[in-house]
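**Student:** Please see the structure below; I have some questions.
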Amino acid sequence: MRVAIAGGSGFIGQALTSALLMRGDEVFIITRGGGAKSSGLQPQAEFLTWDQLKRDPGKLEGIDAIVNLAGESINQRWNAAAKDRILRSRQQAAAQVAELLKALERKPAVVINASGISAYGISATEVFDEDSPMAVTDFLSEVVREWEAAADAIPAERLVKLRIGVVLDRQGGAFPLMLLPYRLFAGGRVGSGKQGLSWIHIEDMVGLILHCLDNDEIHGPVNGSAPDPVTNDEFGRAVGRAFGRPHWFPVPAPMMKLIFGEMSTLLLDGQLAKPKRALQTGYSFLYPTVDSAMRQLANR
């Protein structure tokens, strides 16, 4: 399979690129600039910039699939300028993919466009799956609504909107920061501890993307989360068990709001989401429970 990845130099993109190359696929990484190639990030992949593709879209003529993971990091203080960058970067990436497909004579059979598990809004009690309605309750859920609206304009034969939860890995993403208090023997629940956390191990994140690429019946929303969503308190207790650290030092919500501002919603609010589509189509999770994921992360 010939696969192009927008945002392929990012955390998930690098892991996906490695998995595709290992199984013998041809990978093209689409970047905003040319720096990634010179860094030797993925020497077996071919690097292209959006400017190159705008001048010559034929470089991807006959591509089998596009995975769009591009977007500004949400891990920054959410002032007005940051919010604008976060939203516009996602809309722009989807629009660029749409324009690329319009320029290709032989279009890819599938486009997987990243989205967010925040699609369902914030809830302390409901459990969501892909049949649940979208809801705008905060900034992130509004971003996801606009993000998916932009993705709907991609003229793909098969469009998958991958609603990604918190991706767990020791080397990247949010987990190293989530683990830090426990390494310092200061771990505990954040706020009430009752807020939902929909997570997925990096190996399952990559495996699920491959599953979506390879299965023609999968389209529309797909929750990129494990079958075992947990509360913040349950998650912290699992970290403590796996890493042999106490779970005892609660962090008050006002302190998180003071430190992080509006971005504190990432830690103080959440939702519980189930991967109904993945399970229905036969994906078998390597780490279906939070304890199995934590044991693997602790033993790496």
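A short reminder: the numbers here are calculations on the coordinates, not readings from a lab. All figures in this text were calculated on a predicted structure; none of them were measured in a lab. Every residue, glycine among them, receives a Cβ derived from its backbone with ideal geometry; neighbour counts consider all protein chains shown.
**Student:** Let me spell it out: the conditions are (1) in contact (Cβ under 8 Å) with a residue 12 or more places away in the chain; (2) surrounded by fewer than 20 Cβ atoms within 10 Å (Cβ to Cβ); (3) not β-branched (Val, Ile, Thr), and Gln171 meets all of them except one. Which number is the exception?
**Tutor:** The number of the failed condition is (1).
**Student:** Does the range 141-153 contain any residue that is more than 21 Å from Phe285 (Cβ to Cβ) and in contact with a Pro (Cβ under 9 Å, 6 or more places away or on another chain)?
**Tutor:** Within the range 141-153, one or more residues are more than 21 Å from Phe285 (Cβ to Cβ) and in contact with a Pro (Cβ under 9 Å, 6 or more places away or on another chain).
**Student:** Still on this structure, please answer the following. Evaluate the range 173-184: report whether one residue or more is hydroxyl-bearing (Ser, Thr, Tyr) and more than 12 Å from Gly236 (Cβ to Cβ).
**Tutor:** No: the range 173-184 contains no residue that is hydroxyl-bearing (Ser, Thr, Tyr) and more than 12 Å from Gly236 (Cβ to Cβ).
**Student:** Just to be sure before I move on: is Met255 free of Cβ contacts under 8 Å to residues at least 24 places away in the same chain and in a helix (DSSP H, G or I) in the structure I sent?
**Tutor:** So Met255 fits the description; yes.
**Student:** Name, by its number, the condition in (1) surrounded by fewer than 16 Cβ atoms within 10 Å (Cβ to Cβ); (2) among the polar types (S, T, N, Q); (3) touching a residue at least 60 places away in the same chain (Cβ under 8 Å); (4) not in a loop (DSSP other than H, G, I, E, B) that does not hold for Ser118.
**Tutor:** (1) is the only condition that Ser118 fails.
**Student:** Next question, about the same structure. Scan Arg237, Arg245 and give me the residue that is more than 29 Å from Ala153 (Cβ to Cβ), part of a loop (DSSP other than H, G, I, E, B) and among the basic types (Lys, Arg).
**Tutor:** Result of the check over Arg237, Arg245: Arg245.
**Student:** Please count how many residues of the range 258-283 are within 30 Å of Ile218 (Cα to Cα) and not in a loop (DSSP other than H, G, I, E, B).
**Tutor:** Residues that pass the stated criteria total 8.
**Student:** Enumerate the helices (runs of 4 or more DSSP H) found wholly within the range 1-106, keeping only those where 3 or more residues are in contact with a helix residue (DSSP H, G or I) (Cβ under 8 Å, 6 or more places away or on another chain).
**Tutor:** Those helices (runs of 4 or more DSSP H) span 11-22, 50-55, 80-103.
**Student:** For the range 138-220, which fully contained strands (runs of 3 or more DSSP E) count at least 3 residues that are within 19 Å of Thr265 (Cα to Cα)?
**Tutor:** So the answer is 166-168.
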